[in-house]
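Working notes for the structure below.
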Amino acid sequence: MPLGRILVVDDEDSMCQYLSILLRKEGYTVRTANSGAQALKAIEEEPADLVMTDIQMPKMDGIQLLKGIKAMDPTTPVVIMTAYASEQSAIDAVNLGAFSYLQKHCKNDEIKIVVRNALALRQAKTEAQELRRELSKKKTTKSIIGQSPRMRSVFKMVDKIASTTATILINGESGTGKELIAQSIHQRSDRANETFVAINCGAIPETLLESQLFGHVKGSFTGADRDHDGFCRQAENGTIFLDEIGETPHAIQVKLLRMLQEREIYPVGSSCPVKVNVRVIAATNRDLEDEVARGNFRTDLYYRLNVIPLNLPSLRDRVDDIPLLVDHFLKRCCPGEYVGPLPTILDDGALRALQAYDWPGNVRELENVIERASIIREGTRITMRDLPTFVADAQGGQAAGGNLAVGGPWTLEDLEKAHILAVLDGSGRARKQTADILGINASTLYRKLKKYGVQDDDDVQALADDLAGTAGEELLAAIDAQLREQDGSVAAPGVPELETVGS
Ligand SMILES: Nc1ncnc2c1ncn2[C@@H]1O[C@H](COP(=O)(O)OP(=O)(O)OP(=O)(O)O)[C@@H](O)[C@H]1O
Ligand SMILES: [Mg+2]
């Protein structure tokens, strides 16, 4: 709809008529009201793109009307009309958020220019809002992966609470997906077409945080050269996500409490409250109850926020989900390349190491590790060698089984391990007999098996299976070639020198 709905407010009928005729001629749709109360009612019935109001009216004057309009829709421009040029109250009105003021007996051209500019501003603000909405819709197409019982109950809860307007407090360690869940709640709510705004309360200095959250008026501090909406107003009718809420400074905690209780905010430098309609989702990786007990977080705010608590499990508490998550990240990292089941691109050993590691950085850390591995891998499959050592070490140095790279290059350790395992498997898993065949004592064999993460027959089986696979076949062929080379019969280029096997 073209922007051009103007509401003229004046207790003098003649002024209303004069402006109506002038502005209708310009193609605008004009309504009139003879009092502030009538004007607010008219806007409630149908929004206006511009309000032009007399400043002096009985009961509700122009300034009060301005405050009322801004509380209903802060993007509506208001032009104040005064009897005298540079009247102080008109200047005050501009400081309170009026677009401009006009002297009642100014030239028609001046009126037309102010109206055109005010409507252009309104248009720009409306477009910016639309863009933000589009952007927030696009940002949230990420899927949330998880089939473990803990995640299933999280999803169930999300389904239940999404359509309500209740405030939600998400608890979870860093990287567990708190923001992802918050976005998903927004997407499933009837606010989905409105803006989702995320703000990290711990990352912004206190002085800035207040104006980022609640906005400021022009001149409220050095550098505030124009009005600024702030995130709460940008999220109007939508959702605001307050991340790291536990790190919010005390002074801001008080203001957030007021926002939750009164549903209104005060932009910095303004004494005029603005009504807001936002759903609040907060998140913390701290124990907020503990912060309350230690006096770092206000009890009243805690209870206001914690209407519906949602606890996200750490990744180490849902190890079952790791293969699914890895599969998900690999499909994203290797587009068009990875189609088959997980083992076609990630070998068993690497997967076991991923499941043994305790993931202090949770899903975010896993995502980074997989992304890195998919880039640095030398073969087609990701193996233990492509994982950071702290992950590979999680299984006691080397994981049992599956860390043999197809096509090599193999380390001496790989060769030694393959040989030991082949003998162990061939001897029906008899460790004493294996040690005898290898010419080492039983405690050396035990130490080596422990180093490879071999604890029981299942681990031996896994390694034997791996040896029976392509990587193992190639490796055994390499050992064979190496041994024959040692005999002086065949050269085997590219195979590491085998100094001692089994010692
Ligand atoms: N269940 C999941 N499925 C898919 N991706 C996930 C999942 N959980 C988290 N992620 C991914 O992990 C990363 C971190 O998630 P997010 O930012 O939501 O975590 P957070 O808990 O808010 O972290 P922080 O406490 O550090 O702010 C993101 O890239 C997100 O897409
Ligand atoms: Mg976060």
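The values are calculated or read from the model by the stated rules, or taken from the named source; none is laboratory data. Here the structure is a predicted model, which is why all the values come from computation and not from measurement. In this analysis, Cβ positions are derived from the backbone assuming ideal geometry, glycine residues included, and neighbour counts consider all displayed protein chains. The protein model used for the area step is the full one, side chains on, heavy atoms only, and it has no ligands, DNA or RNA in it. Shrake-Rupley method; radii C 1.70, N 1.55, O 1.52, S 1.80 Å.
Determine, yes or no, whether Glu179 is assigned to a helix (DSSP H, G or I), of a type in the set (Asp, Glu) and near ligand 1 (Cβ under 10 Å from one of its atoms). Spelling it out, Glu179 is indeed assigned to a helix (DSSP H, G or I), of a type in the set (Asp, Glu) and near ligand 1 (Cβ under 10 Å from one of its atoms).
The condition (being open to solvent by 10 Å² or more (accessible area, probe 1.4 Å), within 22 Å of Ser271 (Cα to Cα) and not in a helix (DSSP H, G or I)) is satisfied by just one residue among Pro58, Pro74: Pro74. Among the residues of the range 161-184, just one is more than 12 Å from ligand 2 (Cβ to nearest atom) and under 12 Å from the mean Cα position of the chain (by Cα), namely Ser184. For the range 191-210, which positions are touching a residue at least 40 places away in the same chain (Cβ under 8 Å) and over 18 Å from Val278 (Cβ atoms)? Across the range 191-210, the qualifying residues are Gly202, Ala203, Glu206. Pull up the range 182-222, narrow it to residues that are more than 16 Å from ligand 1 (Cβ to nearest atom) and basic (Lys, Arg), then point me to the one that is nearest to Glu367 (Cα to Cα). Only one residue tops the list, namely Arg191. Just one residue in the set Pro341, Pro360 is within 12 Å of ligand 1 (Cβ to nearest atom), surrounded by fewer than 14 Cβ atoms within 10 Å (Cβ to Cβ) and over 29 Å from Leu260 (Cα atoms); that residue is Pro360. Tell me whether the range 162-170 contains one or more residues that are within 13 Å of ligand 1 (Cβ to nearest atom) and of a type outside the set (A, V, I, L, M). There is no residue in the range 162-170 that is within 13 Å of ligand 1 (Cβ to nearest atom) and of a type outside the set (A, V, I, L, M).
The residue that is nearest to ligand 2 (Cβ to nearest atom), counting only those in the range 196-241 that are open to solvent by 30 Å² or more (accessible area, probe 1.4 Å) and hydrophobic (A, V, I, L, M, F, W, C), is Ala198. The condition of being open to solvent by 50 Å² or more (accessible area, probe 1.4 Å) and among the acidic types (Asp, Glu) holds for Asp290.
Condition check ((1) under 30 Å from Arg352 (Cβ atoms); (2) within 16 Å of ligand 2 (Cβ to nearest atom); (3) buried (at least 22 other Cβ atoms within 10 Å of the Cβ); (4) in the same structural domain as Arg364 (by TED's automatic domain parsing)) across all residues:
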| position | (1), (2), (3), (4) |
| --- | --- |
| Val274 | no, no, yes, no |
| Val278 | no, no, yes, no |
| Ala283 | no, yes, yes, no |
| Arg294 | no, no, no, no |
| Asp300 | no, no, no, no |
| Asn306 | no, no, no, no |
| Leu324 | yes, no, no, yes |
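The criterion of at least 2 residues that are modelled with pLDDT of 90 or more and not assigned by TED's automatic domain parsing to the domain that holds Ser174 is met by the following helices (runs of 4 or more DSSP H) wholly inside the range 348-418: 348-356, 362-376.
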